[in-house]
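Participant: One structure is given below, represented as structure tokens, and several questions about it will come after.
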Amino acid sequence: MTQALPSVRHRRWHGTVLLGLLVLVVWSYYDTGLSFRTLLGAEGRRQMGFFIAQMFPPDLSPVLLQQIAWGGLETFAISFLGTLLAVVLAACLLGGATRTLATSSAFSEAEARTLGQRLTQALCYSLARATLNLARSVPELIWALLFILLVGLGPFAGVLALGVHTAGVLGRLFAEVLENVDRRPCETLQAAGANRVQVFLYGMLPQAVPELVSFALYRWEVNIRAAAILGFIGAGGIGHQLFMALNLFLHQRLLTLMVAMLLLVALVDVCSAWLRRLLV
């Protein structure tokens, strides 16, 4: 009888969650005006067919191909340097944003005997987490607009925008990876007299490196697409050409740019896979 009560409560809890999800789906459906009849109806199919027909044949003029090649290289550079900057910024905040590093509970109590020292550690942890939250909460486009005001139009603003936003994402992911490593090697090093830095370098980091590299490379793959979008507001790269083709209804040029973007994403995927095999 006592075993049946938790089971009943468990089923009731599941039913409440499912009912809540159903209500959320229905509300979202009506609130967004989602209509597959409009999308897949006769008029929708006609408009899509007309738009696709205007994109052929693609524009393959030498001048355009040269512009696309330069824009693609610029987008590649923005995504790469932006991700690299993000890794550096995330690493700088990692000591404060990782609970097991920022607080003394995971290490010797001799490292933080006084209440003031513990409060200082807690404050550093809170500030580091708040900085990461702010960085990733603001979209790349907003960061790009802010940096354009500071450094002007061009790829430099794009690199800074991707670096700051991605640092917030990677900092959170890196911290969670380090907090979930096996504590036994760290405790062994601590018992042998290792300090906080040595425990991190020889106990935590070797276990976390594969996941840290994987997260960084995945964000690079995401950033190549984000770098193209930043070009819409003047932050450099192939995105500016996409924006102009859309605004001027240059559909044949748009198809060429879309193919170029597909090839660029494929190139980054190949480079990411190669680096993952090399580093992990």
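Participant: Out of GLY44, GLY95, GLY71, I need the residue that is modelled with pLDDT of 90 or more and either surrounded by fewer than 21 Cβ atoms within 10 Å (Cβ to Cβ) or assigned to a helix (DSSP H, G or I) (or both). Which one? Spell out the reasoning first.
Facilitator: Values: GLY44 fails: modelled with pLDDT of 90 or more; GLY95 fails: modelled with pLDDT of 90 or more.
Every option except GLY71 fails the conditions.
Participant: From the list GLY231, GLY237, GLY203, pick out the single residue that is at positive phi and touching a residue at least 12 places away in the same chain (Cβ under 8 Å).
Facilitator: Of the residues listed, the single one that is at positive phi and touching a residue at least 12 places away in the same chain (Cβ under 8 Å) is GLY237.
Participant: Would you call LEU217 modelled with pLDDT of 90 or more and of a type outside the set (Lys, Arg)?
Facilitator: On the way: modelled with pLDDT of 90 or more: yes; of a type outside the set (Lys, Arg): yes.
When the stated conditions are applied, LEU217 passes them.
Participant: With respect to ALA216, is the statement that it is of a type in the set (Gly, Ala, Ser) and exposed (fewer than 14 other Cβ atoms within 10 Å of the Cβ) true?
Facilitator: Numbers: of a type in the set (Gly, Ala, Ser): yes; exposed (fewer than 14 other Cβ atoms within 10 Å of the Cβ): no.
Answer is no for this residue.
Participant: Any residue that is of a type outside the set (D, E, K, R) and assigned to a loop (DSSP other than H, G, I, E, B) - is there at least one of those in segment 252-270? Can you show your working first?
Facilitator: Going residue by residue through segment 252-270, those that are of a type outside the set (D, E, K, R) are 252, 254-268, 270.
Adding the requirement that they be assigned to a loop (DSSP other than H, G, I, E, B) leaves none.
The answer is no; no qualifying residue exists.
Participant: With the condition kept exactly as written, say whether any residue in segment 141-161 is surrounded by 14 or more Cβ atoms within 10 Å (Cβ to Cβ), touching a Ser or Thr at 6+ places or on another chain (Cβ under 8 Å) and assigned to a helix (DSSP H, G or I).
Facilitator: no
Participant: Does ALA194 fit the bill of being in contact (Cβ under 8 Å) with a residue 12 or more places away in the chain, crowded, with 17+ Cβ neighbours inside 10 Å and of a type in the set (Gly, Ala, Ser)? Please lay out each step first, then the result.
Facilitator: Working: in contact (Cβ under 8 Å) with a residue 12 or more places away in the chain: no; crowded, with 17+ Cβ neighbours inside 10 Å: yes; of a type in the set (Gly, Ala, Ser): yes.
Answer is no for this residue.
Participant: Name the single residue that is farthest from ALA69 (Cα to Cα) among those in segment 240-280 being among the polar types (S, T, N, Q), surrounded by 14 or more Cβ atoms within 10 Å (Cβ to Cβ) and more than 20 Å from the chain's Cα centre (by Cα). Spell out how you get there, then give the answer.
Facilitator: Step one: list which residues in segment 240-280 are among the polar types (S, T, N, Q), which gives 241, 247, 252, 256, 272.
Those still in the list that are surrounded by 14 or more Cβ atoms within 10 Å (Cβ to Cβ) too: 241, 252, 256, 272.
Still in the list and also more than 20 Å from the chain's Cα centre (by Cα): 241, 252, 256.
Working: GLN241: 11, GLN252: 17, THR256: 11 Å.
Result: GLN252.
Participant: Please count how many residues of segment 123-140 are surrounded by fewer than 15 Cβ atoms within 10 Å (Cβ to Cβ), closer than 25 Å to GLU179 by Cα and touching a helix residue (DSSP H, G or I) at 6+ places or on another chain (Cβ under 8 Å).
Facilitator: Step one: list which residues in segment 123-140 are surrounded by fewer than 15 Cβ atoms within 10 Å (Cβ to Cβ), which gives 123, 126-127, 130, 133-134, 137, 139.
This time we only want the ones that are closer than 25 Å to GLU179 by Cα, so: 123, 126-127, 130, 133-134, 137.
Next cut, touching a helix residue (DSSP H, G or I) at 6+ places or on another chain (Cβ under 8 Å) only: 127, 133-134, 137.
Qualifying residue count for the region: 4.
Participant: In segment 228-251, which residues are in a helix (DSSP H, G or I) and either touching a strand residue (DSSP E or B) at 6+ places or on another chain (Cβ under 7 Å) or under 24 Å from LEU150 (Cβ atoms) (or both)? Give the steps one after another, and end with the answer.
Facilitator: Here is the first cut: in segment 228-251, the ones in a helix (DSSP H, G or I) are 228-233, 239-247, 251.
Of everything in segment 228-251, those that are in a helix (DSSP H, G or I) and either touching a strand residue (DSSP E or B) at 6+ places or on another chain (Cβ under 7 Å) or under 24 Å from LEU150 (Cβ atoms) (or both) turn out to be ALA228, ILE229, LEU230, GLY231, PHE232, ILE233, GLY239, HIS240, PHE243.
Participant: Still on this model: Evaluate segment 206-227: report whether one residue or more is hydrophobic (A, V, I, L, M, F, W, C), farther than 20 Å from LEU64 by Cβ, over 27 Å from the mean Cα position of the chain (by Cα) and part of a helix (DSSP H, G or I).
Facilitator: No, there is no match, as no residue in segment 206-227 is hydrophobic (A, V, I, L, M, F, W, C), farther than 20 Å from LEU64 by Cβ, over 27 Å from the mean Cα position of the chain (by Cα) and part of a helix (DSSP H, G or I).
The values are calculated or read from the model by the stated rules, or taken from the named source; none is laboratory data. A quick note: this is a predicted structure, and the numbers were derived from the prediction, not measured. Counting neighbours? That spans all protein chains shown, and the Cβs are built from the backbone with ideal geometry, glycine included.
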